[in-house]
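The values are calculated or read from the model by the stated rules, or taken from the named source; none is laboratory data. Worth saying up front: this structure is predicted, and the values here are computed from it rather than measured. Heads up, the Cβs are rebuilt from the backbone with ideal geometry, glycines too, and the neighbour counts pull from every protein chain shown.
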Amino acid sequence: MQVELVEASATASGPEREGESVWPDGDPHPLVVEQNGELLRVYYVPVVQKDGDTEYAPDMSDDHVESIRRQMWAAFPAKDVELVIGEDYVPTYLISDNNAWSNLLNEMVNLRSDPDRGVEPDQYVYGVFSQSVACSGCPAGLSYLAYSDNADYSRASIGYDSISAATMVHEVGHAHGREHSPCGGAAGPDPNYPHEGAIIGVRGYDLLSDVLFEPDTVYDFMSYCWPAWSSDYTWEALFQRIKGVNALYNAAPSNARLANTALRPLFVSADGEMSWGEPLRGELSPMGLSTPVELIDELGLPMGVLDAVFVPYDHLPGGMIVMPDPGAGRVRVAGRLSPAL
Ligand SMILES: [Zn+2]
């Protein structure tokens, strides 16, 4: 860094002494980078809907996918964004209502346990699908809220392909534990958001389009207001999460990568219907919403209590209750009996 004072116009007057308008006058000062960014890894799943012989596939053209990857990179404080394209996923239903949305998101959580897929614990699963199937009153994207670095079971989101760059940034933001910023009627706004009306609060810069955003006319991308960019608050939180996830799984492969507690999610769909998910390897989030679960025997009698955490959907009622794998039987949560495992 070096600063030089120059005359504002040809008609400006005043003394000028050689060498004194530059600081420092020798070599420039180095600008030290305080911390380097790290890698953000996404496992991108094309979800292909089938209606008889008609197939609705998302746009997976190289240009479209690369454009999404680059926009993710511009919006997240990551050194790079890696997009691994998974094999097609074909749901047994059309995504035509909110319950189908929640079921698809749960199936993306199950993909994490599929050995043929080989999803790594630090990867964010993102299911992308075509908007060609009508869906009234449906969200544009859906995600789990991952409350902590080690909550790999909640790193799952879905969204339409056509509007996926902005949607994906917002949804993967939720999967980084970001709640809504308070603008546009977004549900469950983060009470700690520091700038009124969810403005970004500081200048932002989009290095893809070379556009500078003013602090008070642009809104945080975790809100529902537009135009949107990252606030300093969201940027810092995302930076810490990316760093935490990398430290957990990549810097020291001997620790959490090998966490082998068997966990089991009990999904509660948008309609309130309960279903068991595939067993997961991982650790219960220390920051999840603690939810005691009663183990019930064949006669319907309580056998004990399990520690569990509730992980909500961002844009629909419901979510999942993650607990140590009970192996068999039923559980009771908030007075409701689960199906048999
Ligand atoms: Zn949201």
Exercise for review: Pull up segment 306-316, narrow it to residues that are part of a loop (DSSP other than H, G, I, E, B) and more than 14 Å from the ligand (Cβ to nearest atom), then point me to the one that is surrounded by the fewest Cβ atoms within 10 Å (Cβ to Cβ).
Suggested key: 307
Exercise for review: Would you be able to say whether some residue in segment 270-277 is touching a strand residue (DSSP E or B) at 6+ places or on another chain (Cβ under 7 Å) and exposed (fewer than 14 other Cβ atoms within 10 Å of the Cβ)?
Suggested key: no
**Study point:** Cβ pairs under 7 Å, 6+ apart, first in segment 24-35 and under 13 Å from residue 3 (Cβ atoms), second at pLDDT 80 or above and surrounded by fewer than 10 Cβ atoms within 10 Å (Cβ to Cβ)
**Key:** 28/1; 29/1; 31/1
Practice item. Just give me the residues in segment 8-24 being surrounded by 10 or more Cβ atoms within 10 Å (Cβ to Cβ) and modelled with pLDDT of 75 or more, in sequence order. Key: 21, 22, 23, 24
Exercise for review: Identify all residues within segment 106-140 that are at pLDDT below 95 and either within 16 Å of the ligand (Cβ to nearest atom) or not assigned by TED's automatic domain parsing to the domain that holds residue 162 (or both); write none if there are none.
Suggested key: 137, 138, 139, 140
Check your understanding: Identify, please: which residue in segment 289-305 is under 22 Å from residue 152 (Cβ atoms) and surrounded by fewer than 21 Cβ atoms within 10 Å (Cβ to Cβ) and is, among those, nearest to the ligand (Cβ to nearest atom)?
Key -> 289
Check your understanding: Does at least one position in segment 92-105 carry a residue that is aliphatic (A, V, I, L, M), in the same structural domain as residue 160 (by TED's automatic domain parsing), in a helix (DSSP H, G or I) and in contact with a strand residue (DSSP E or B) (Cβ under 6 Å, 6 or more places away or on another chain)?
Key -> yes
**Study point:** Which listed residue is surrounded by fewer than 16 Cβ atoms within 10 Å (Cβ to Cβ), assigned to a strand (DSSP E or B) and more than 13 Å from the ligand (Cβ to nearest atom), from 212, 208
**Key:** 212
